[in-house]
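Peer 1: Dropping the structure in here first, questions after.
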Amino acid sequence: MAHPRSAFGASPSRGRHQWPGKAGSTVARACVICLLAVTGSAFAQSSPVGLWRNIDDKTGEAKAEIRITDNGGKLTGKIEKTLKKDAKPTCDECKDERKGQPMAGLEIIRGVSKGTGEDWEGGKILDPENGKEYTVRLTPVEGGQKLQVRGYLGPFYRTQVWVRVQ
């Protein structure tokens with residue numbers, strides 16, 4: 001006696017459901033791809049890598065957009081564009097090879113690597129307005145939509161919260 005067929009032309013399953021033909025493997029692949037995309041996007045959002053709007057902690061004004069990139073496990077950050085109308089075009093206060101360089105493209109974060117938990121640390125951040133460098137710690141907060149940027153000089157520190165640019 002022949003086995004009855006379902007509406008899709010497949011034989012009824014014996015104890016488990018089967019997709020007809022290649023559809024089963026296609027559905028499985030699609031599920032895996034979706035899972036990887038969601039996981040990858042969650043990781044990307046909890047990383048400091050991306051484009052950020054720097055907000056002045058004293059005035060609350062947006063000052064610049066900084067792009068943070070991963071270069072072999074070390075993060076660097078460059079000013080992509082300044083947002084203040086009265087911003088200086090070059091880093092006149094810088095004390096190293098960055099002195100006189102244009103603000104757009106200026107590397108202000110160097111040598112940051114993954115620390116404990118959500119923290120990224122061990123590098124330096126430059127304040128181009130005064131030319132001083134500080135030890136830095138970057139901590140993604142609010143699901144990676146904001147970045148807590150803390151600069152240290154000895155026991156003293158200053159914290160800014162940057163906002164991710166979509």
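Peer 1: Condition first: within 16 Å of I79 (Cβ to Cβ) and of a type in the set (V, I, T). Now tell me which residues in the range 128-142 satisfy that.
Peer 2: Residue satisfying the conditions is V136 alone.
Peer 1: Give the range 135-148 a look and list any residue that's surrounded by 18 or more Cβ atoms within 10 Å (Cβ to Cβ) and more than 13 Å from the chain's Cα centre (by Cα), or say none.
Peer 2: Passing the criteria: V136, R137.
Peer 1: So, one more: Taking the range 67-108 as the region of interest, how many residues are loosely packed, with under 15 Cβ neighbours inside 10 Å and among the hydroxyl-bearing types (S, T, Y)?
Peer 2: Residues meeting the conditions: 1.
Peer 1: Also, quick follow-up: What residue, among those in the range 149-160 that are loosely packed, with under 14 Cβ neighbours inside 10 Å and hydrophobic (A, V, I, L, M, F, W, C), is nearest to K58 (Cα to Cα)?
Peer 2: This residue is F156.
Peer 1: Given the structure, is R98 modelled with pLDDT of 95 or more and under 20 Å from V161 (Cβ atoms)? Step through it out loud before you land on a result.
Peer 2: Numbers: modelled with pLDDT of 95 or more: yes; under 20 Å from V161 (Cβ atoms): no.
Answer is no for this residue.
Peer 1: Looking only at the range 87-123, which residues are polar (S, T, N, Q) and outside any loop (DSSP other than H, G, I, E, B)?
Peer 2: Answer for the range 87-123, where residues must be polar (S, T, N, Q) and outside any loop (DSSP other than H, G, I, E, B): T90, S113.
Peer 1: Just checking, which of G60, G77 is farther than 17 Å from N130 by Cα, modelled with pLDDT under 95 and of a type outside the set (F, W, Y)?
Peer 2: Sole residue among the options that is farther than 17 Å from N130 by Cα, modelled with pLDDT under 95 and of a type outside the set (F, W, Y): G60.
Peer 1: Related question: How many residues are without any contact (Cβ under 8 Å) to a residue 40 or more places away in the chain and crowded, with 19+ Cβ neighbours inside 10 Å if we restrict to the range 115-124? It would help to see each step written out before you state the result.
Peer 2: Looking only at the range 115-124, we keep the residues that are without any contact (Cβ under 8 Å) to a residue 40 or more places away in the chain, and these are 115-117, 119, 121-122, 124.
Keeping just the survivors that are crowded, with 19+ Cβ neighbours inside 10 Å gives none.
Here the count works out to 0.
The values are calculated or read from the model by the stated rules, or taken from the named source; none is laboratory data. Computed from a prediction, not measured in an experiment: that's the story for all the values here. Here Cβ is always computed from backbone atoms with ideal geometry, including for glycine, and neighbour counts include all displayed protein chains.
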